[in-house]
Amino acid sequence: MNYQKYFDYATGKPQKKVPLPKLETRTARKSTGDTAPQAGDRRDGLVYVYDEKIELAVNVALATGRPMLIRGPSGSGKSSLARNVARRMMWSYYEKVITSRTQARDLQWNFDNLRRLSDAQAKTLRKYNTDYIEPGVLWWAFDPQSATRRGQPGTTRVEFPATDPGLVPDNNSGDGGGAVVLLDEIDKADPDVPNNLLVPLGSLQFKVTEMGAETEVRAARPVLVLITTNDERVLPNAFLRRCVVLELAPPDAALLVKIAVEHFGSDKLNIYQTIAERIVEMAPKTTAAGAVWQSATTGGGQAAPSTAEYLDTVRACLRLGIKPDNDDAAWRAVVNATLLKRAGST
């Protein structure tokens with residue numbers, strides 16, 4: 001197969017040097033207009049293609065103060081929406097990837113019992129119990145000053161301030177200097193977690209046990225909470241009632257091309273449309289009766305390629321100099337590797 005190689009097992013002399021990943025620093029928050037074919041998933045929030053439905057959902061969530069639940073297949077851009085909204089609004093950004101072990105309290109605060117025990121044994125116990133409180137993403141988003149002080153009153157000298165884990169814009173002078181929180185993959189959590197978040201997400205407040213029963217953390221600035229789900233688990237009705245819901249539909253070819261242009265710049269090799277049409281061809285089709293059938297290329301039960309897999313395919317073709325031509329063995333191998341992800345001819 002003829003293409004530009006980073007790895008050549010026969011000669012040991014590759015034609016191209018593997019580029020370093022582009023890592024964003026904590027202080028680099030403004031858009032640079034960089035559209036280079038960056039490797040992997042973008043985490044910088046620079047690129048996102050909106051339509052009127054997405055824009056309206058964000059505005060409804062901001063207007064109502066409700067969290068926004070984003071549904072859609074894996075790789076459809078659910079998580080990257082939150083970071084892009086934060087960047088565009090010049091708000092602070094916090095995120096937490098939910099796992100099966102995540103508890104609702106983890107998103108609010110934790111009490112470091114292990115450190116307290118270690119300090120007690122070493123006879124270096126801190127003066128206040130609150131010195132062992134570790135604020136979670138919701139606390140930081142609601143009230144970063146209180147979180148920095150670990151809940152101690154403003155009149156108390158703080159010896160052990162907490163460190164803000166968020167991404168703070170260079171110019172935090174947007175509409176009230178708010179915060180965007182991403183709670184990623186809520187359906188991975190134990191069923192009790194969404195129910196235990198009803199008050200923190202519904203009223204933007206919660207109580208911290210170690211601070212006393214009468215002390216509450218309340219939102220001191222505008223907060224937008226975005227929650228993603230792959231619908232692997234049914235969420236409680238009480239939780240859904242408190243959310244604005246956005247469902248991301250699979251993009252058509254025109255939208256895929258627009259997304260590629262935003263990520264990689266103009267289509268100098270004339271490949272975006274051809275690859276996009278291949279993605280659409282592989283998507284499940286709906287019959288007149290509403291039944292869904294899989295295309296012959298994806299096979300029974302095989303999910304259609306996502307937007308992220310489309311971008312991987314475009315990126316591979318750009319960097320390896322491969323044209324989307326069914327007569328080209330290299331192109332067929334790319335399709336198997338990035339789209340079909342199974343053995344067999346294309």
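Residue 158 passes every criterion in (1) of a type in the set (A, V, I, L, M, F, W, C); (2) at pLDDT 90 or above; (3) open to solvent by less than 40 Å² (accessible area, probe 1.4 Å) apart from (2). Take the residues in segment 251-288 that are of a type in the set (Val, Ile, Thr) and in a loop (DSSP other than H, G, I, E, B); name whichever of them is surrounded by the fewest Cβ atoms within 10 Å (Cβ to Cβ). Only one residue tops the list, namely 287. Only one of the listed residues (28, 57) is modelled with pLDDT of 90 or more and over 26 Å from residue 314 (Cα atoms). That residue is 57. The residues of segment 37-54 that are modelled with pLDDT of 90 or more and over 13 Å from the mean Cα position of the chain (by Cα), listed by number, are 49, 50, 51, 52, 53, 54.
Quick one: in segment 90-116, of everything that is modelled with pLDDT under 95 and aliphatic (A, V, I, L, M), which residue is least open to solvent (accessible area, probe 1.4 Å)? Ranking the qualifying residues of segment 90-116, first place goes to 90.
Regarding residue 343, is this residue of a type in the set (Gly, Ala, Ser), within 30 Å of residue 193 (Cβ to Cβ) and modelled with pLDDT under 95? So residue 343 does not fit the description; no.
The residues of segment 117-137 include none that are open to solvent by 20 Å² or more (accessible area, probe 1.4 Å), touching a helix residue (DSSP H, G or I) at 6+ places or on another chain (Cβ under 8 Å) and of a type in the set (Phe, Trp, Tyr).
If you go through segment 58-77 and pick out every residue that is under 17 Å from the mean Cα position of the chain (by Cα) and either under 29 Å from residue 280 (Cβ atoms) or among the basic types (Lys, Arg) (or both), you end up with 11.
Residue 246 versus (1) hydrophobic (A, V, I, L, M, F, W, C); (2) closer than 15 Å to residue 186 by Cα; (3) touching a Ser or Thr at 6+ places or on another chain (Cβ under 7 Å): which is the lone unmet condition? For residue 246, the exception is condition (3).
When residue 34 is tested against (1) closer than 30 Å to residue 18 by Cβ; (2) open to solvent by 30 Å² or more (accessible area, probe 1.4 Å); (3) at pLDDT 85 or above, just one condition goes unmet, and that condition is (3). Taking the criterion of being open to solvent by 40 Å² or more (accessible area, probe 1.4 Å) and over 17 Å from residue 226 (Cβ atoms), the residues of segment 177-204 that qualify are 190, 191, 192, 195, 196, 199, 203. Looking across segment 211-250 at every residue that is open to solvent by less than 40 Å² (accessible area, probe 1.4 Å) and of a type in the set (Ser, Thr, Tyr), the one that is nearest to residue 128 (Cα to Cα) is identified as 228.
Filtering segment 115-157 to residues that are touching a residue at least 12 places away in the same chain (Cβ under 8 Å) and either of a type in the set (Gly, Ala, Ser) or at positive phi (or both) leaves 136, 141, 146, 147, 150, 151.
The values are calculated or read from the model by the stated rules, or taken from the named source; none is laboratory data. None of the values given here were measured: they were computed from a predicted structure. Here the Cβ is made from the backbone with ideal geometry for all residues, glycine too, and neighbour counts use every protein chain on show. These accessible areas exclude ligands, DNA and RNA; they are computed on the full protein's heavy atoms, side chains included. Shrake-Rupley method; radii C 1.70, N 1.55, O 1.52, S 1.80 Å.
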